């Protein structure tokens, strides 16, 4: 399972998710959405085209941390526990 983790280390929830993934030895690719315009665009497209983010957007949240497995946007989740390697 290839895992992408979208976030920024300026976000306390992302820092916590990073720790959870590291402590569970779950391999992932971190996409720092504040690190480059292409990374921000990639995340924004995912967020704006996936209903899993609707609740976060309705509450005025960015929708991070966010996780996608196997390059399949339909697998997007905002819960790190959904992707932790057991």
**Request:** For the range 55-74, enumerate the residues that are out of contact with any strand residue (DSSP E or B) (no Cβ under 7 Å at 6 or more places or on another chain) and either more than 21 Å from residue 12 (Cα to Cα) or part of a strand (DSSP E or B) (or both).
**Result:** 70, 71, 72, 73, 74
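So, in the range 43-61, how many residues would count as being in contact (Cβ under 8 Å) with a residue 24 or more places away in the chain and surrounded by 14 or more Cβ atoms within 10 Å (Cβ to Cβ)?
Qualifying residue count for the region: 5.
A short reminder: the numbers here are calculations on the coordinates, not readings from a lab. Owing to the predicted nature of the structure, the values given are computational and were not obtained by experimental measurement. Please note: Cβ atoms are built from the backbone with ideal geometry, for glycine as well, and neighbour counts cover all protein chains shown.
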